[in-house]
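S.K.: Sharing a structure, written as structure tokens. Questions coming.
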Amino acid sequence: MKHLMFICVILVVATLASCVQKTYERKVKFLLDVSGMGNIKSVGIRGAQSPLNWETDIEMKPVFKDSMYAIDITFVTGYLFTEVKFVVNGAFELQYQDNRKILFETTQDTTFCKTKFNIKS
């Protein structure tokens with residue numbers, strides 16, 4: 001009986017191990033246009049997958065101060081997309097609207113996401 005139980009446990013473990021989804025490195029270059037807003041103190045990004053989260057901003061760096069901000073993020077995921085929102089001066093964009101859905105490029109090394117704050121495209 002113990003032998004049968006041992007075999008069952010091994011089969012269950014082997015079955016669960018084969019269900020693990022393969023992950024990939026997905027590089028995304030985010031470019032955010034904040035021109036016309038003025039008085040920019042902070043620009044950040046939040047999102048659904050590590051290294052992002054919905055609790056704290058990851059700071060974006062100015063390409064052109066008060067105009068264009070950028071950040072490169074590498075996700076390690078099995079998903080084909082992620083969801084993000086940008087934050088300027090502590091205020092979330094697209095309030096009461098769906099998050100931005102970023103589809104990862106699968107034929108090139110890097111996905112480029114160039115967008116304007118609070119404008120869904």
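S.K.: With (1) at pLDDT 95 or above; (2) open to solvent by 40 Å² or more (accessible area, probe 1.4 Å); (3) under 19 Å from Ser121 (Cβ atoms) as the list, and Gly36 as the residue in question, which single condition is left unmet?
M.R.: Every condition holds for Gly36 apart from (1).
S.K.: Of (1) acidic (Asp, Glu); (2) open to solvent by less than 40 Å² (accessible area, probe 1.4 Å); (3) within 29 Å of Lys22 (Cα to Cα), Glu93 satisfies all except one. Which?
M.R.: Condition (3) is where Glu93 drops out.
S.K.: Among residues belonging to segment 39-50 that are loosely packed, with under 15 Cβ neighbours inside 10 Å and not basic (Lys, Arg), point out the one that is farthest from Phe75 (Cα to Cα).
M.R.: Asn39
S.K.: I've got another one for you. Can you run down the residue pairs with Cβ atoms below 8 Å, 6 or more apart or on separate chains, where the first is in segment 15-26 and at pLDDT 90 or above and the partner is open to solvent by 80 Å² or more (accessible area, probe 1.4 Å)?
M.R.: Thr23/Val76; Tyr24/Val76; Glu25/Val76; Arg26/Val76
S.K.: Out of all the residues in segment 36-69, which are out of contact with any strand residue (DSSP E or B) (no Cβ under 7 Å at 6 or more places or on another chain) and among the acidic types (Asp, Glu)?
M.R.: Glu55, Asp66, listed by residue number.
S.K.: Now for a different question. Answer yes or no as to whether Leu31 is assigned to a strand (DSSP E or B) and of a type outside the set (Lys, Arg).
M.R.: Yes: the conditions hold for Leu31.
S.K.: Looking at Asp72, is it in contact with a strand residue (DSSP E or B) (Cβ under 6 Å, 6 or more places away or on another chain), loosely packed, with under 14 Cβ neighbours inside 10 Å and in contact (Cβ under 8 Å) with a residue 24 or more places away in the chain?
M.R.: Yes, satisfied.
S.K.: Any residue in segment 93-108 that is among the hydroxyl-bearing types (Ser, Thr, Tyr) and either assigned to a strand (DSSP E or B) or within 16 Å of Ala48 (Cα to Cα) (or both)?
M.R.: The answer is no; no qualifying residue exists.
S.K.: If I go through segment 51-69 residue by residue, how many of them are part of a loop (DSSP other than H, G, I, E, B) and open to solvent by less than 70 Å² (accessible area, probe 1.4 Å)?
M.R.: 7
S.K.: Something else now. For segment 75-90, which positions are open to solvent by 50 Å² or more (accessible area, probe 1.4 Å) and either under 8 Å from the mean Cα position of the chain (by Cα) or hydrophobic (A, V, I, L, M, F, W, C) (or both)?
M.R.: Val76, Leu80, Phe81, Glu83
The values are calculated or read from the model by the stated rules, or taken from the named source; none is laboratory data. This structure is a prediction, so every number in the text was calculated from the model and none was measured. Note that each Cβ is placed from the backbone with ideal geometry, even for glycine, and that neighbours are counted across all protein chains shown. All accessible areas refer to the heavy atoms of the entire protein, side chains included, with ligands and DNA or RNA removed. Shrake-Rupley method; radii C 1.70, N 1.55, O 1.52, S 1.80 Å.
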